[in-house]
Structures are given as C-alpha cells and as structure tokens.
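Any read-out appearing in this document is the output of simple, stated calculations on the displayed coordinates, not a laboratory observation. Quick caveat: nothing in here was measured; it's all calculated off a predicted structure. Please note: Cβ atoms are built from the backbone with ideal geometry, for glycine as well, and neighbour counts cover all protein chains shown.
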Amino acid sequence: MIKIEHLGIAVKSLNDADPLFARLLGKDNYKTEEVEREGVKTSFYHIGESKIELLEATREDSPIAKFIDKRGEGIHHIALAVDDMEAEIQRLKTEGFEFISETPKDGADNKRVVFLHPKSTNGVLVELCQEKVNN
Ligand code: ZN
C-alpha cells in the first residue's frame, strides 16, 4: 500500500455537491467522469497528495443509489493506491480478506480497481487502485 489515493463520497446530486466542495476545498474539481458500467458519475478534487471523489448515481440499480437509500449521503469508500495489484490481492487473500470481485476492473481516473468486501474490513468499503499504464 502506497497511500490513501482518494476518499469516495456518495452524493445525491453533483449539481449541489460540486459547488459545496469547491467552496470547502477552495478549488474547483479537476475532472468529471462517468463510469457507465457502475452507473456512476464522478467528480474529482485534488487535496494534497490525495483526492476526493464525489459519486452520483446515474441509474436506480447503481451501487451508489443503493448505498444512499440504505445509509444516506456520506463517505462511501476509502481507496488505497497499490503498485502491484495482483501481488496485493494475493497477499490480502492469504491474510483472509474477502473481495467483492478479485478481478480488477477499469475505474474512473485512469485506474484499475478492486473492492474488498466490507464484512472483512470492519464495515469499511476498501478500494485498491493502480494507475493504468499506456492505455
Ligand atoms: Zn474510488
């Protein structure tokens, strides 16, 4: 694990949340990006070496829509940067952690991502992410 890459925050509306976070952080987001497969639209802010990712659902069966239904808006996941995704997945499996899926997928912001199951991490949804190279 290298660092906390970003914190993911579930919001009902980026139209409402973006101006608020821009005021909070004193700067505008550096990108918005839709991840069609996950049914989310994201908005990213740099904050020091880390980032904040706002997540808005784009459809009702989106994991973000389900999360907000159950728990309301708020912190959704913590993303840890790794430099060798496959090695970290193996290491964490050996340590007894469970994954939602062990196959890395394309995520927002040029990353490959996997998620650990929150039942094995004290209720915290943990994302591992690795910068994609040359594509
Ligand atoms: Zn994330």
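Figures for the structure shown
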quantity: Relative contact order (%) - criterion: Cα under 8 Å, at least six apart; region: the chain; calculated: 25
quantity: Restraint check, LYS51/LYS119; LYS12/LYS93; LYS31/LYS93; LYS31/LYS105; LYS93/LYS132; LYS27/LYS119, Cα-Cα greater than 30 Å; calculated: LYS12/LYS93; LYS31/LYS93; LYS27/LYS119
quantity: Selection of GluC sites (Glu not before Pro), the range 4-67, meeting DSSP coil and at most 14 other Cβ within 10 Å; calculated: GLU49, GLU60
quantity: Gained length - GLU36 relative to LYS70, 0.36 nm times residue gap less alpha-carbon distance; calculated: 10.0 nm
quantity: Cα-centred dipole magnitude for the range 1-52, charges only on beta-carbon of K, R (+1) and D, E (-1), debye, nearest 20; calculated: 140
quantity: Ranked list, fewest to most other Cβ atoms within 10 Å of each Cβ, for VAL124, VAL40, VAL82, VAL35; calculated: VAL124, VAL35, VAL82, VAL40
quantity: Globularity index of the range 12-135, i.e. its alpha-carbon radius of gyration over 2.2 N^0.38 Å; calculated: 1.08
quantity: Estimated distance in nm for a label pair at LYS93 and ALA22, the labels positioned 7 Å out from Cα along Cα-to-Cβ; calculated: 4.4
quantity: Sites SER13 and ASP84, calculated FRET efficiency, Cβ-Cβ separation with R0 41 Å, nearest 0.05; calculated: 0.65
quantity: Cβ-placed point charges (K, R +1; D, E -1), dipole of the chain about Cα centre in debye, nearest 20; calculated: 240
quantity: Unit charges at the beta carbon, dipole of the range 1-118: most positive-side option, LEU7, PRO19, PHE115; calculated: PRO19
